[in-house]
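This report refers to the structure that appears directly beneath it.
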Amino acid sequence: MTPFNPIRTVPAPSGYGAGDVLVIFGEVFGRGYVNGLIDAAEKIGMKVVYGTVGRRDAEGNLRPLTDEELAEKGHSPIVNVPLEAGFDKEDMGNGQTLIEMLNATGKDWESAELDFDAIEVGRQKGEARFKGQVAAYLEALRPHIPAGKNVLFAHTMAGGIPGSKRVLAVSNRIFKGQGARAQSSQAFWESPMGRACAISFEEVTARTLTHLVDGTAGLAAELQAAGGKVNYVAYGYHGTECLIDGAYTWQTYVPYLQGFAKIKLEDAAADARAKDVNASVYNAPEILTNSSGLFVGVELPLYRLIAALEKETESAGFADAVKAICAAKLTDGADALVRMQDILNAYHGAACAQYVREFAAWPQHNQPEQMDLMLNSSAELRGLHIDSDDLMTSYLSTLVFTACGHIMLHNSWVADSAAYWMGHDIISKTLGTTGLPA
């Protein structure tokens, strides 16, 4: 595992400038982490080239976006070569896909045996397909990158949970279940189904970075020979430091099963660095996005960002502005902000939640008491809002990914590590330097 390596100071302005290129390796859906990087790049005049994972037609065949779908994206240019990763839809040589195999386990999924030789056949077929897609994508990308320009590749691929109804049903019990509906994440992870999911997670989350680095080796060499610089960043999650009892303390969301693949992502960046490729994983704080909606409770530490802003920003008015925006979303305004800190202190101070602060044990599995407390705390915090569709965590998430984008863009120019952590301290310091997003 990569040693804990937090960024403590706001990066100096990088050498990127007008005409340089940010390449989004993946697809942008809504507002999330990568939008902060895009905003930071556009602010200094960089060109942004977008990608897509493609779509599946009625027969299940992968296809590019249609003209209508391209127009709906609202940004361009888009290299319209599907970059869908993973293998859950591949025929595994036995007439089944991984999705079909997992669905067939039924209610006896815990004891059902799976054919891992067939799964490996499917994985290899998916990998070969993806590598072919990457080659075609890079050929289409070349005209968008002028010779000698600096290029930053942003790896945005994550997840990899198989599209199986049976896996989804079990996952809901792992991440949301209480009482009789609770499911041990460790029991799941050690089951054949869990082992299959682990392979799928690694394929999408981690191995895609290796395919990006290897696939762009020739292009990178050409750009560097012409005087340009080529760097790579990837989005990770490996817990976050936030203010607990007045001190910055590392903590994590539990259970985060994708964490095992995130470690592999850090390993992939380390392997790239061993080949003199400037690749780094940036472990970002928890935010609330469409993709994180399954992980109820992941947003708890995000509420603590306000305390970090008060501590780190020189202007008291800066933190007050954030608090005013947040208080306006709560039924009892400023009083509710105080109540929120009490709820958070009760969660992070509880005996059953102390293991979520053990960095060396990451990623941890769930425990019944911890899950009950986390899920109940999440519900209580949500209940303090006027409108459950207008949460203060949505606004705080924008602050986080905006700051992360600035940090990643400028730090990537001089990065010297396979993995960095962006805690609430550097997020707050960065916002104090760049100002609040409009």
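Given the criteria open to solvent by less than 20 Å² (accessible area, probe 1.4 Å) and outside any helix (DSSP H, G or I), does Ala415 qualify? Spelling it out, Ala415 is indeed open to solvent by less than 20 Å² (accessible area, probe 1.4 Å) and outside any helix (DSSP H, G or I). For region 1-22, filtered to residues that are within 19 Å of the chain's Cα centre (by Cα) and not in a loop (DSSP other than H, G, I, E, B), the residue that is surrounded by the fewest Cβ atoms within 10 Å (Cβ to Cβ) is Pro6.
To keep it simple, each residue is scored yes or no on (1) of a type outside the set (A, V, I, L, M, F, W, C); (2) more than 30 Å from Ala220 (Cα to Cα).
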| residue | (1), (2) |
| --- | --- |
| Lys107 | yes, yes |
| Ala112 | no, yes |
| Gly122 | yes, yes |
| Val134 | no, no |
| Gly148 | yes, no |
| Val151 | no, no |
| Ala158 | no, no |
| Pro162 | yes, yes |
| Ser171 | yes, yes |
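Got at least one residue in region 257-272 being in contact with a Gly (Cβ under 7 Å, 6 or more places away or on another chain) and acidic (Asp, Glu)? Yes, because at least one residue in region 257-272 is in contact with a Gly (Cβ under 7 Å, 6 or more places away or on another chain) and acidic (Asp, Glu). Within region 151-162, does at least one residue satisfy the condition of being surrounded by fewer than 17 Cβ atoms within 10 Å (Cβ to Cβ), at pLDDT 95 or above and not in a strand (DSSP E or B)? No, region 151-162 has no match at all.
Against the definition (in a helix (DSSP H, G or I), surrounded by fewer than 17 Cβ atoms within 10 Å (Cβ to Cβ) and touching a residue at least 12 places away in the same chain (Cβ under 8 Å)), how does Gln133 come out, yes or no? It would help to see each step written out before you state the result.
On the way: in a helix (DSSP H, G or I): yes; surrounded by fewer than 17 Cβ atoms within 10 Å (Cβ to Cβ): no; touching a residue at least 12 places away in the same chain (Cβ under 8 Å): yes.
Answer is no for this residue.
For beta carbons closer than 6 Å, sequence separation of 6+ or different chains, a first residue in region 112-126 that is more than 19 Å from Trp189 (Cβ to Cβ) and a second that is open to solvent by less than 70 Å² (accessible area, probe 1.4 Å) and outside any loop (DSSP other than H, G, I, E, B), the qualifying pairs are Gly122/Leu98. Cβ separations smaller than 9 Å between residues 6+ apart or across chains give the following pairs from region 207-224 residues that are free of Cβ contacts under 8 Å to residues at least 24 places away in the same chain to residues that are part of a helix (DSSP H, G or I) and open to solvent by less than 40 Å² (accessible area, probe 1.4 Å): Asp214/Val134; Asp214/Ala272; Gly218/Leu138. For region 173-196, indicate whether the set of residues that are out of contact with any strand residue (DSSP E or B) (no Cβ under 9 Å at 6 or more places or on another chain) and under 19 Å from Ala268 (Cβ atoms) is non-empty. No; the residues of region 173-196 include none that is out of contact with any strand residue (DSSP E or B) (no Cβ under 9 Å at 6 or more places or on another chain) and under 19 Å from Ala268 (Cβ atoms). Looking only at region 264-280, which residues are open to solvent by 20 Å² or more (accessible area, probe 1.4 Å), outside any loop (DSSP other than H, G, I, E, B) and either modelled with pLDDT under 95 or touching a Phe, Trp or Tyr at 6+ places or on another chain (Cβ under 8 Å) (or both)? Correct list: Asn278 only.
Which of the residues spanning region 418-438 are polar (S, T, N, Q) and open to solvent by 20 Å² or more (accessible area, probe 1.4 Å)? Walk me through how you get there before you give the answer.
Here is the first cut: in region 418-438, the residues polar (S, T, N, Q) are 428, 430, 433-434.
Once the filter is applied, which keeps residues that are polar (S, T, N, Q) and open to solvent by 20 Å² or more (accessible area, probe 1.4 Å), region 418-438 yields Thr433, Thr434.
So if I check each of Ala316, Ala328, Ala321, Ala334, which one is among the small types (Gly, Ala, Ser) and modelled with pLDDT of 95 or more?
Numbers: Ala316 fails: modelled with pLDDT of 95 or more; Ala321 fails: modelled with pLDDT of 95 or more; Ala334 fails: modelled with pLDDT of 95 or more.
Answer to the selection: Ala328.
Given the options Leu373, Leu399, name the one that is free of Cβ contacts under 8 Å to residues at least 40 places away in the same chain and over 18 Å from Val338 (Cβ atoms). The unique qualifying residue is Leu373. Within region 356-375, the set of residues being in a helix (DSSP H, G or I) and open to solvent by 30 Å² or more (accessible area, probe 1.4 Å) comprises Arg357, Phe359, Ala360, Ala361, Pro368, Glu369, Asp372, Leu373. Tallying residues that are open to solvent by 40 Å² or more (accessible area, probe 1.4 Å) and either in a loop (DSSP other than H, G, I, E, B) or modelled with pLDDT under 95 (or both) within region 57-71 yields 6.
Being touching a residue at least 24 places away in the same chain (Cβ under 8 Å) and within 18 Å of the chain's Cα centre (by Cα) is true for just one of Thr249, Thr289. Which residue is that?
Details: Thr249 fails: within 18 Å of the chain's Cα centre (by Cα).
Matching residue, one of Thr249, Thr289: Thr289.
The values are calculated or read from the model by the stated rules, or taken from the named source; none is laboratory data. Treat the numbers as computed from the prediction; the structure is a model and nothing was measured. Positions of Cβ are generated from backbone atoms using ideal geometry, with glycine treated the same way; all protein chains shown enter the neighbour counts. Heavy atoms of the whole protein, side chains included, go into the accessibility calculation; ligands, DNA and RNA do not. Shrake-Rupley method; radii C 1.70, N 1.55, O 1.52, S 1.80 Å.
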